[in-house]
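Novice: Have a look at this one before I ask anything.
The values are calculated or read from the model by the stated rules, or taken from the named source; none is laboratory data. Quick caveat: nothing in here was measured; it's all calculated off a predicted structure. Glycine gets a Cβ as well: all are built from the backbone with ideal geometry, and neighbour counts include every protein chain shown. Quick note on the areas: whole protein, heavy atoms, side chains included, nothing else; ligands and nucleic acids left out. Shrake-Rupley method; radii C 1.70, N 1.55, O 1.52, S 1.80 Å.
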Amino acid sequence: MASEAERSALEDELSVPSSASPPIGWYLESSSVVHQLTSSVAGGRSCIIGRNEACDVKLTEHKTVSRKHAVVYAIGDKVILRDCMTKKTVKVVQCEGSGGGESRLGKGQTLVLKEGMKLTFAASEEEFVVKYPKDAEPIQSNSNKADADSNKADADSNGSDDVTEEVSDKPKIDTTNMTARQIREAEIKAMMDSLDSTQTYTKYVPTEKERLEREQAEKEMEAAEERGKGDSKFSQLNIPISHEVVINSGERVVSSVASDPSGGRFVAGSFDYNFRMYDFGGMDQSHKAFRDVTADDGNPVISLSYSPSGDKFICASSSAQPKIFSRDGKEIVHFVKGDVYITDVTNTKGHTAAVTGCQWHPKDKNVVMTSSLDGSVRLWKLDGKTLFGRLISAEVLRVKNQRGVRCGCSCASFDREGKWIVHGTKEGGVVLFEVTNFRNRPTGICWDAHSGTVTNISFSNDNKMFASRGEDGNVCIFDFEKMKGANGGKVKCEYKIENVETGYEMSNCCFSPDNKLLCVGSNVRPNSEESSFLKFLWAKGAEGGNLAAEVAVSKGVSVVNVAWPNKLNQIICGLSNGEVKVYYDPMVSNKGAMLSSKRKARKVNELDALLFSRSDGVSGDVFTPNALPLFQDKEKKSRKQLEKEGRRAVPEQQESGFLAGRDGSAANFNQDAVDRLGLMDSEKRLQRDPRAALFKYNDVNPTGVVTGLEKQQPTILANTTAEEEQDKRTKRQKTS
């Protein structure tokens, strides 16, 4: 049998409040056995249910029951059942008096037990009924018992209503003919003699920690009571919307959000030219980014996408050259820019206009795709050819409109297998191509899907349908199988949803993990009284295209970009005010924001707070580098030592001659090409001076004048003329 210390540590691990107590008198009854809900260890605060030997109620009839499956404890006059982070949920059948119906407890969730409830643990078929006999003693927690004892002691005192720390019977002593010292000694002796017979009562005063735990337990009970009344509409639809986390990601529009395949990290791109990286496992309640990187200065971030392995991600800005970064935000690959003077996009090595989207191949970690306003969709292979250190595109798809004229490509997307590409045009068309047949005609076409720019195309997780969103305020859902079988013909959408406000060219949509719903965020005018919404639309079935549910996000703030990671089952929204909102539900979500929201933020340094309060709003540390010992030169160092440390005492002297400057600032394109191709060592080239090379052949005349012309040089007879000599004499006479 476990000791009291081991039992207390186990109950702390199962999040049992310190003020809890076992549910005396309650028991679980099945058709074959009856289990009393009591603690088998003295001093235990709860009753543990599971397959472990340390559990009070052992359920060994089914293997899916966890070792520590659930715990039952009493707070006040209520009995609470908590699921202890199990893979299988606890099925609860409500009694008739509480509304009826079925519900399930998720990981770490609680429920207030009532007499008559039916419980089923894990995949076991044995059903237990919660019962409580009428003649049982009332349930009291440890703190309530102490309060009751204290109140009883106060009532037994001399009728006084004052609360005292200690109440005891004062011994009676005859003080006749006794000095003060003798009286005191007699009182002490009488008190020592009465300690064994007189009982002392001390009023219980809860600590701050216990008070907070009690408040938390009360909140859990209220939430459990709400869940006991029946699942809400969002819970029935498996939409994680009950809780939210607000993350500050700057002051500009958050244009793109992307999560890695594992769901542990996500990156948010903004109109302030930066992207910020977040790690759920390393964040606390402050939710600060661990990396803030400028993707391309002067160009807002348009699109982001992680690789299938999650070790890299691609970032597309409004420039023509996307970049690939490592998992930690370090730039790895920079794409080449095409020749703007070549009209045929298939003959250029890169994009010549702004990039509108990017996506990593879902299966191949060495292939990425980009779309651009230059009218092309390009595939890039990371192990492909490069030009001057810039990656060259491997495949090019020309984008055309219904008349066969080149038009800008506003978005593109791989299917879930990476065998097909669907792109949207600036004129509202949606076109399907096979990846292996870029040169052939399209497989399926829908020219009139939208009346304006197509802002996004998103595939479902089962790869059976995809959705497109346009600036005309419409969302179209297509049957992917029908479009693949069109053989170059026109295809119409299955469902068309109207009046979805769209004001940003990067507004998107995404499917739920179970592919039943399509999530879109509405756009509103900035600083208006209108509220933006997250709308959940039925994606298939008889109700396909209809609104299933919607949630108000914020007034005057648009929902620009939405991501719904499958493993997390949480919704990440990028807003127009620079915030990122993460919605989750502990009942159906997994990790993610649930990890960071439980960690308390670090305490503020009191000294920093005091300095900030006296600094008229000026915050941050102030450094004077030259005053710090690290930056002081105690002894004179050589140039090589200074360069090794990353500092220079004086600017480097420029070389004389045609190729001036070691930094290459004065070099032209041909010289730069020679350096990149390695045809000549740059150090040797910069050290050569053409004038010095010619002078070494003239040892007699170092001035550089040809020796054959020296005889023809004029003879100098006088350094001044006669007039200049007369002027000098006149000036001397005046001064004398």
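Novice: If R₀ is 51 angstrom, what is the calculated FRET efficiency for the pair Ser309 and Glu125, using the beta carbon separation as r and rounding to 0.05?
Specialist: Once rounded, the FRET efficiency stands at 0.75.
Novice: Also: Do the alpha carbons of any pairs in Lys118/Lys233; Lys385/Lys581; Lys323/Lys400 sit beyond 29 Å of each other, and which pairs?
Specialist: Exceeds cut-off: Lys385/Lys581.
Novice: I'd like the FRET efficiency for Ser286 and Lys233, computed as 1/(1 + (r/R0)^6) with the beta carbon distance as r and R0 of 35 Å, rounded to 0.05.
Specialist: After rounding, the FRET efficiency stands at 0.60.
Novice: Another question about this same structure. Mind giving me the FRET efficiency for Thr386 and Arg525? R0 is 41 Å, r the Cβ-Cβ distance, nearest 0.05 is fine.
Specialist: Details: r = 45 Å, r/R0 = 1.11.
After rounding, the FRET efficiency stands at 0.35.
Novice: Oh, and also: Semi-axes, largest first, in whole Å: what does sqrt of 5 times each Cα gyration tensor eigenvalue give for the range 291-334?
Specialist: The three semi-axes for the range 291-334 are 17, 11, 9 Å.
Novice: Kindly give the semi-axes, whole Å and largest first, of the ellipsoid equivalent to the range 380-496, taking each as the square root of 5 times a Cα gyration tensor eigenvalue. Mind dumping the intermediate values first?
Specialist: Values: eigenvalues 121, 52, 40 Å².
The equivalent ellipsoid of the range 380-496 has semi-axes of 25, 16, 14 Å.
Novice: Separate question: If I stretch the segment between Lys567 and Ala692 completely, what's the gain in nm (0.36 nm per residue apart, minus their alpha carbon distance), one decimal?
Specialist: Net length gain for the segment: 38.1 nm.
Novice: If the viscosity is 1.306 mPa s and the temperature 10 °C, what Stokes-Einstein diffusion coefficient in µm²/s follows for the range 280-391 when Rh is the Kirkwood radius over Cα pairs?
Specialist: 107
Novice: If you stretched the chain out fully between Asn515 and Lys419, how much longer would it get, using 0.36 nm times the residue separation minus the C-alpha to C-alpha distance?
Specialist: 32.5 nm
Novice: Now, a different point. In square nanometres, what is one fourth of the surface area of the convex hull spanned by the alpha carbons of the range 384-449? Intermediate values should be presented prior to the final figure.
Specialist: Details: hull surface 22.0 nm².
About 5.5 nm², averaged over all directions.
Novice: Roughly speaking, what is the stretch gain from Arg439 to Lys118, that is 0.36 nm per residue apart minus the C-alpha to C-alpha distance, in nm to one decimal?
Specialist: 109.1 nm
Novice: First check a/c for the range 356-415, with a ≥ b ≥ c the square roots of the eigenvalues of its C-alpha gyration tensor; if it is under 1.5, answer rounded, and if not, answer prolate when a/b is larger than b/c or oblate otherwise.
Specialist: Note, shape of the range 356-415 comes out oblate.
Novice: The range 326-437: D in µm²/s via Stokes-Einstein (Kirkwood Rh, Cα pairs, 20 °C, 1.002 mPa s)?
Specialist: Here the translational diffusion coefficient equals 149 µm²/s.
Novice: Taking only protein heavy atoms and a 1.4 Å probe, what accessible area per residue, in Å², does the range 441-489 have with all protein chains in place?
Specialist: Dividing the accessible area of the range 441-489 by its residue count gives 34 Å².
Novice: Can you tally the net charge around Met506? Count Lys and Arg as +1, Asp and Glu as -1, for every other residue whose Cβ sits under 15 Å from the Cβ of Met506.
Specialist: Details: positive: Arg252, Lys426, Arg469; negative: Asp272, Glu471, Glu501, Glu505.
After counting each charged neighbour, the total is -1.
Novice: If you don't mind, there's one more thing I want to ask. Determine the sum of side-chain charges near Val355: Lys and Arg each +1, Asp and Glu each -1, restricted to other residues whose C-beta is under 11 angstrom from that of Val355.
Specialist: +1
Novice: Which distance in Å, rounded to a whole number, links the C-alpha centroids of the range 505-548 and the range 229-286?
Specialist: The range 505-548 and the range 229-286 have Cα centres spaced 17 Å from each other.
Novice: Hey, can you rank 444-453, 465-474, 513-522, 431-440 by average C-beta count inside 10 Å, highest first?
Specialist: 465-474, 513-522, 444-453, 431-440
Novice: Between Ala5 and Thr730, what is the label-to-label distance in nm when each label sits 7 Å out along the Cα-to-Cβ direction?
Specialist: Distance between label points: 11.7 nm.
Novice: Can you tally the net charge around Pro22? Count Lys and Arg as +1, Asp and Glu as -1, for every other residue whose Cβ sits under 11 Å from the Cβ of Pro22.
Specialist: -1
Novice: What Kirkwood radius, in Å to one decimal, follows from the Cα pairs of the range 475-620?
Specialist: 18.3
Novice: When averaged across all projection directions, what area in nm² does the alpha-carbon convex hull of the range 218-360 cover?
Specialist: Convex hull of Cα atoms, orientation-averaged projection: 12.0 nm².
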